[in-house]
Amino acid sequence: MRKLIYYISATLDGYIAGPDGQYDFLPFDGEEAAAILADFPETMPTPAREPFGVADRAAQRFDTVIMGRATYDPGLKLGWTSPYAHLRQYVVSRTLVSPDPAVTVVDDPVALVRELKEQDGLDIWLCGGGKLAADLRDEIDELIIKRHPIFIGSGIPLFDGPFTPTRFAPVGTRSFDSGFAITHFAKVLS
């Protein structure tokens with residue numbers, strides 16, 4: 001069965017973006033970028049794949065991406081109506097009309113994920129954001145958090161929802177000299 005993986009960058013204080021959705025303060029260079037490009041090439045937006053040298057790289061972990069409207073909008077403002085054309089793309093929104101036939105807009109993320117998990121394929125990437133992650137908390141099987149050694153004080157939290165303790169166990173961490181770390185967690189089944 002396919003898994004829903006919340007693969008996301010976060011700050012030390014647990015934010016995935018600044019108060020206005022900005023994320024350009026999170027560096028993407030050096031050995032950290034090389035590790036991400038090697039292990040998760042499919043997570044690069046389609047327009048960035050050639051410049052980063054992964055245009056011909058096959059998906060290693062994900063063949064489907066789910067994102068909230070606030071995660072989709074920055075690319076849309078750049079004219080990227082299909083930001084991950086190399087993946088099956090879903091945007092969760094109650095108001096958006098899909099501007100591209102390759103992007104499916106849904107309003108029930110839980111039903112979508114349950115349906116996708118029953119299908120054949122690679123895992124499903126929950127790309128963001130915090131509200132959608134909170135809505136899908138019970139469906140998330142694994143977390144892969146790219147933790148940046150940056151503190152921002154406020155912004156969009158990793159999970160933006162009600163108080164609902166959910167246990168995950170660390171599976172492994174890859175640390176870098178810069179303080180950046182990629183930590184993999186699996187849901188603890190009760």
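The values are calculated or read from the model by the stated rules, or taken from the named source; none is laboratory data. No experiment lies behind these values; they were computed from the predicted model shown. Every residue, glycine among them, receives a Cβ derived from its backbone with ideal geometry; neighbour counts consider all protein chains shown. Side chains included, ligands, DNA and RNA excluded: accessible areas come from the protein's heavy atoms. Shrake-Rupley method; radii C 1.70, N 1.55, O 1.52, S 1.80 Å.
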Task: Ranked by how many other beta carbons lie within 10 Å on average, peptides 89-98, 135-144 from highest - done: 135-144, 89-98
Open item on the list: Can you say what percent of the DSSP beta bridges in the chain, counting only those with both residues inside, are antiparallel? Round to 5.
Closed with: 40 percent
- [ ] Would you kindly give the portion of the calculated P(r) for segment 22-107 that falls above 23 Å, as a percent of all Cα pairs?
- [x] 25 percent
Open item on the list: Can you return the aspartates and glutamates within cross-link range of residue 117? Criterion is Cα-Cα under 20 Å, with same-chain partners fewer than 8 residues away left out.
Closed with: 42, 63, 107, 108, 135, 138, 139, 141, 142
Task: Computed lengthening from residue 38 to residue 77, 0.36 nm per intervening residue step minus Cα-Cα distance - done: 11.2 nm
- [ ] Determine the equivalent ellipsoid of segment 49-91 by diagonalising the alpha-carbon gyration tensor, then write out the semi-axes as square roots of 5 times the eigenvalues, largest first, rounded to whole Å.
- [x] 19, 14, 7
- [ ] Starting from the Cα gyration tensor of segment 57-134, take the square roots of the eigenvalues, sort them a ≥ b ≥ c, and report rounded, prolate or oblate (rounded when a/c is under 1.5, otherwise prolate if a/b is larger than b/c, else oblate).
- [x] oblate
- [ ] Work out the length of the dipole vector of the chain about its Cα centre, built from +1 on the beta-carbon of each Lys and Arg and -1 on the beta-carbon of each Asp and Glu, and round it to the nearest 20 debye.
- [x] 280 debye
Open item on the list: Over the chain, with the other protein chains present, what is the accessible area per residue in square angstrom, probe 1.4 angstrom?
Closed with: 52 Å²
- [ ] Order these peptides, 171-180, 59-68, by their mean beta-carbon neighbour count within 10 angstrom, highest first.
- [x] 59-68, 171-180
Open item on the list: Restricting to Cα atoms and excluding each atom paired with itself, what does the Kirkwood estimate give for the chain in Å?
Closed with: 17.0 Å
Open item on the list: Could you give me D for segment 1-71, from Stokes-Einstein at 25 °C and 0.890 mPa s, where the hydrodynamic radius is the Kirkwood radius over C-alpha pairs? Units µm² s⁻¹, please.
Closed with: 177 µm²/s
Open item on the list: Can you give me the % of accessible surface on the chain that is carbon or sulfur? Probe 1.4 Å, all protein chains present, nothing else counted.
Closed with: 53 percent
- [ ] Go through 11, 53, 89 and say which Cα lies farthest out towards the positive end of the charge dipole of segment 2-126; charges sit on Cβ, +1 for Lys and Arg, -1 for Asp and Glu.
- [x] 89
Open item on the list: Could you order the peptides 8-18, 116-126 from most to least packed, using the average number of other C-beta atoms within 10 Å per residue?
Closed with: 8-18, 116-126
